[in-house]
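Visitor: One structure coming up, written as structure tokens, with questions to follow.
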Amino acid sequence: MRISPLRRLATLATTLGLTSLGLLGAGAAPAQAAISDCPAGYFCAWKTMDGTGTMFKTNTNKATLGSWDNTFQSVVNRTSEFACLHDEPNYERTVGVSVWDPDPAGTEWGHSDPTVSSVSLVPTARECNFPAYPEWYTSAAPQASGFGDLNADLQADVLVRDKAGRLWFLRGDGSGQLVGKSGWNAMNALVRHGDFSGDGREDVIAREASTGKLWLYPGAGNGSLGTRKLIGNGGWNAMSRVVSYGDLSGDGRSDVLAVEKATGKLWLYPGTGTGTLAARKLIGNSGWNGMSALVGAGDMNGDGRADLIARQASTGQLWLYPGKAGALGSRVLIGNSGWNVMDSFLGLGDVTGDGRADLVAITKSSYRGESCRGVGCLLVYPGRGNGTLGSRAETAGDWFALNGFL
Ligand SMILES: [Ca+2]
Ligand SMILES: [Ca+2]
Ligand SMILES: [Ca+2]
Ligand SMILES: [Ca+2]
């Protein structure tokens, strides 16, 4: 992504324009064009370095630029979307794209290389260079694992939240479907793991940042979500982590785990199967704030019970806490060190198609892999069925500039 370093304050531009007028003298000539002529809601460009002369303006995508092709020298983006300036026509994304942030007030303008041949306006900066959602491919599992599959086609699927607050359903064939049009950035926890409403379809649970309320979004069975229902009246912001786990209590219904910020205690909130949560039970006395990731990972050790994977922040180690009836068993080290390079984890059941639950991770900028480096590498660690993980596979490299995965 190329961002022009040459930015100027529009107030300066305005000043320059007025200065020019002043030099001309009152009434001596028509008012000279200026950056400030760009109307609100438009992207504007000029063939001059100071925003004078004829102005180009658009509030829609332009696949070609006609007489303006390769002429932009000064630009301002007064739209509420990101302006992508493509060096090639038809919004070519693979070469030469510069990104201009939304600037409805028109307080910033800058210089562009005179190489622009098409202009697109998009809700997220990522979309100037990539599709709105990342690449996700999976193999069908031999049997249902009870979670990780919103549309019940045996292929583990992912929900991705983008920086514009939209929610995308990735079914596992590389495609993405918009299932949440807006507003999802109001949530500061998003989890899914199993069926809470009791209709056999996987659901999503979200915590509203402004209220601390916990909402259940019932899965419709096709990747989209139905009308939400309140399942936690408030107070959930007292939790540092909320995990949708699968069944820990042993009644076949999916449960929620949460870590209490103030105490580091781990609580079990048993799902009732009717879209509510029963009275909580303490299952971890202290220390859980020392974990920087908690993943309801499904049955990793092959005993038929869902397990929990936790990353210890201080050591970068990965631990498996085997699920027992209503409690967690003694932890087992499954990753020696180095796991702090992961930005997030996904427990989706079996994604490799061998019937064993796997672990998926998305990397931070410090990751150095074999075929992928830096932020946004998608890694699959195949579960061996005995609680341990096989060697990672780097399966995609475009899981960045987004805002959450579940
Ligand atoms: Ca699926
Ligand atoms: Ca459900
Ligand atoms: Ca287990
Ligand atoms: Ca597997």
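The values are calculated or read from the model by the stated rules, or taken from the named source; none is laboratory data. None of the values given here were measured: they were computed from a predicted structure. Ideal geometry is used to build each Cβ from the backbone, glycine not excepted, and the neighbour counts take in all protein chains shown.
Visitor: Looking at (1) more than 34 Å from the chain's Cα centre (by Cα); (2) under 26 Å from D162 (Cα atoms), find the lone condition where S36 falls short.
Guide: (2)
Visitor: Quick check on this structure: which one of G219, G223 is within 16 Å of ligand 1 (Cβ to nearest atom), under 19 Å from E202 (Cβ atoms) and touching a Phe, Trp or Tyr at 6+ places or on another chain (Cβ under 6 Å)?
Guide: G223
One line per residue, one yes/no per condition, for (1) in a strand (DSSP E or B); (2) free of Cβ contacts under 8 Å to residues at least 40 places away in the same chain:
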{"site": "L333", "(1), (2)": "yes, yes"}
{"site": "L346", "(1), (2)": "yes, no"}
{"site": "A361", "(1), (2)": "yes, yes"}
{"site": "L379", "(1), (2)": "yes, yes"}
{"site": "W399", "(1), (2)": "no, no"}
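Visitor: Now, a different point. Do you know which residues across the range 331-351 are among the hydroxyl-bearing types (S, T, Y) and either within 16 Å of ligand 2 (Cβ to nearest atom) or buried (at least 19 other Cβ atoms within 10 Å of the Cβ) (or both)?
Guide: none
Visitor: Of these, S74, S98, S80, which one is modelled with pLDDT of 95 or more, polar (S, T, N, Q), buried (at least 20 other Cβ atoms within 10 Å of the Cβ) and under 16 Å from E127 (Cβ atoms)?
Guide: After applying the criteria, what remains is S98.
Visitor: While we're here: Would it be correct to say that A141 is of a type in the set (A, V, I, L, M, F, W, C), closer than 23 Å to G304 by Cβ and surrounded by fewer than 16 Cβ atoms within 10 Å (Cβ to Cβ)?
Guide: no
Visitor: Shifting gears a bit: Do the conditions hold for A258, that is, is it buried (at least 23 other Cβ atoms within 10 Å of the Cβ) and free of Cβ contacts under 8 Å to residues at least 40 places away in the same chain?
Guide: Considered against the rule, which asks whether it is buried (at least 23 other Cβ atoms within 10 Å of the Cβ) and free of Cβ contacts under 8 Å to residues at least 40 places away in the same chain, A258 comes out as yes.
Visitor: On to the next question. Quick one: A310 ticks every box in (1) modelled with pLDDT of 95 or more; (2) among the small types (G, A, S); (3) within 14 Å of ligand 3 (Cβ to nearest atom) except a single one, so which number is it?
Guide: Every condition holds for A310 apart from (3).
Visitor: Could I ask something else about it? Inside the range 349-359, can you point out the residues that are in contact with a Phe, Trp or Tyr (Cβ under 7 Å, 6 or more places away or on another chain) and away from ligand 3 (no atom under 16 Å from the Cβ)?
Guide: Within the range 349-359, no residue meets the criteria.
Visitor: Then there is this: Which numbered condition in (1) within 18 Å of G172 (Cβ to Cβ); (2) touching a residue at least 24 places away in the same chain (Cβ under 8 Å); (3) of a type in the set (D, E, K, R) is the only one that E127 fails?
Guide: (1)
Visitor: Something else about it: Looking only at the range 276-303, count how many residues are farther than 22 Å from L359 by Cα and within 16 Å of ligand 3 (Cβ to nearest atom).
Guide: 1
Visitor: Any idea which residue in the range 368-406 is nearest to the chain's Cα centre (by Cα), counting only those that are over 30 Å from R207 (Cα atoms) and of a type in the set (D, E)?
Guide: Ranking the candidates gives E394 first.
Visitor: Taking the range 68-126, which residues are among the polar types (S, T, N, Q), under 24 Å from A164 (Cβ atoms) and assigned to a strand (DSSP E or B)?
Guide: If the condition is that a residue be among the polar types (S, T, N, Q), under 24 Å from A164 (Cβ atoms) and assigned to a strand (DSSP E or B), then N77, S98, S118, S120 are the ones that fit.
Visitor: Go through the range 300-318 and give me each residue that's without any contact (Cβ under 8 Å) to a residue 40 or more places away in the chain, buried (at least 18 other Cβ atoms within 10 Å of the Cβ) and small (G, A, S).
Guide: Scanning the range 300-318 gives a single hit, A310.
Visitor: Could you tell me which numbered condition S139 fails, if it satisfies all but one of (1) closer than 24 Å to D398 by Cα; (2) over 20 Å from the mean Cα position of the chain (by Cα); (3) more than 16 Å from ligand 4 (Cβ to nearest atom)?
Guide: (3)
Visitor: Of all residues in the range 167-213, how many are exposed (fewer than 15 other Cβ atoms within 10 Å of the Cβ), more than 16 Å from ligand 1 (Cβ to nearest atom) and of a type in the set (S, T, Y)?
Guide: Looking only at that region, the number is 2.
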